[in-house]
Amino acid sequence: MASDDQMDLFNSAAVSPQPASTADPELIPTSATVPIPPGTYSSMEQMSQHCNHCHRCGLGATRTKAVVGRGNPEASILIVGEGPGQNEDETGLPFVGKAGQLLDKILESVGLTDTDVFIGNIVKCRPPDNRTPTQEEMNACRPYLLEQIRMVDPQIILLTGASAVKGLVGDKRGITKIRGEWIEWEGRLCMPVFHPAYLLRNQSRDKGSPKWLMWQDMQAVCAKLAELKAEPELS
Ligand code: URA
């Protein structure tokens with residue numbers, strides 16, 4: 001697509017209704033060199049329109065649908081995965097395949113509902129053949145995640161798998177090393193946990209197994225959330 005055509009996609013006439021800020025050519029996310037300043041978006045829907053036209057990295061060329069998120073945009077917990085797979089690319093919704101079904105079961109098992117969580121990913125478009133997103137792709141997509149964090153303003157961020165940890169907080173250690181330990185990032189509490197796809201490949205529930213550890217980590221998340229909710233609001 002010619003860059004002029006890309007610019008046209010973001011004209012207020014082409015995407016309406018849009019507040020003036022998103023029609024500003026300076027904010028058009030056609031290249032990773034174009035910044036997306038904090039406060040650009042006022043809703044996930046608005047951001048989704050940009051993501052579906054985004055070519056900040058090569059993943060835009062092969063996506064069917066950008067996958068922005070599902071759940072409550074005012075949730076207490078923001079869950080971050082790696083990136084969309086085939087089911088997600090087709091539906092435009094995150095975690096709707098087997099790993100997603102397991103994630104939903106895990107949440108249900110600790111009493112968390114759709115109201116408690118918003119679910120998104122480090123990259124919004126499917127990496128071909130479900131490969132791990134590159135650092136360049138994660139960097140290109142990062143402003144969208146930062147906007148999601150700003151809009152949801154969660155009390156806890158659950159980082160599922162090593163890519164989510166690397167993509168958000170920049171820690172490159174393996175997930176087995178860092179899971180279960182709270183990370184403070186930009187004044188927010190983040191909990192790294194196993195990715196549900198990893199749990200699908202490791203079915204044991206024995207003490208010390210990945211599933212058993214996930215259960216411990218989710219208990220820690222729920223306990224922390226209860227503690228935070230019990231604290232009087234500072235204002
Ligand atoms: N795995 C992820 O990390 N994200 C999805 O949306 C689906 C599977």
Subject >> Surface share of carbon and sulfur [accessible, 1.4 angstrom probe, percent] for the range 55-210 >> reply: 45 percent
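How high is the relative contact order of the range 124-235? Use alpha-carbon pairs under 8 Å, at least six apart in sequence, and give a whole percent. If you can, show how the numbers build up before the last one.
Numbers: 98 pairs, mean separation 22.6, N = 112.
20 percent.
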**OP:** Return an integer: the convex hull volume of the alpha-carbon atoms of the chain, in Å³ per residue.
**Re:** 126 Å³
Original post:
Counting only heavy atoms of protein chains, what accessible area per residue, in Å², does the range 109-235 have with a probe of 1.4 Å?
Top reply: 51 Å²
Original post:
What FRET efficiency comes out for the pair residue 132/residue 228, r = Cβ-Cβ distance, R0 = 45 Å, nearest 0.05?
Top reply: 0.90
Subject >> Relative contact order computed over the chain (Cα-Cα under 8 Å; 6+ residues apart), in percent >> reply: 17 percent
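Give the percent of DSSP beta bridges with both residues in the chain that are antiparallel, rounded to the nearest 5.
Working: 5 of 19 bridges.
Within the chain, antiparallel bridges account for around 25 percent of the total.
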Subject >> C-alpha center-to-center spacing [the range 41-104, the range 150-171] in angstrom >> reply: 14 Å
**OP:** Putting +1 on Lys and Arg Cβ atoms and -1 on Asp and Glu Cβ atoms, find which of 208, 85, 95 reaches farthest to the positive end of the dipole of the chain.
**Re:** 208
Original post:
Say the cut-off is 27 Å between C-alpha atoms; which of 65/224; 65/166; 98/124 go over it?
Top reply: 65/224
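Where Lys and Arg each count +1 and Asp and Glu each count -1, what net charge lies around residue 107 among other residues with Cβ under 13 Å from its Cβ?
Working: positive: 70, 105; negative: 104, 108, 114, 116, 217.
Net charge around residue 107: -3.
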Original post:
If R0 is 35 Å, what FRET efficiency do you get for residue 31 and residue 206 from their C-beta distance, rounded to 0.05?
Top reply: 0.10
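The values are calculated or read from the model by the stated rules, or taken from the named source; none is laboratory data. Predicted model, so just to flag it, every value in this text is computed and none were measured. Ideal geometry is used to build each Cβ from the backbone, glycine not excepted, and the neighbour counts take in all protein chains shown. Side chains included, ligands, DNA and RNA excluded: accessible areas come from the protein's heavy atoms. Shrake-Rupley method; radii C 1.70, N 1.55, O 1.52, S 1.80 Å.
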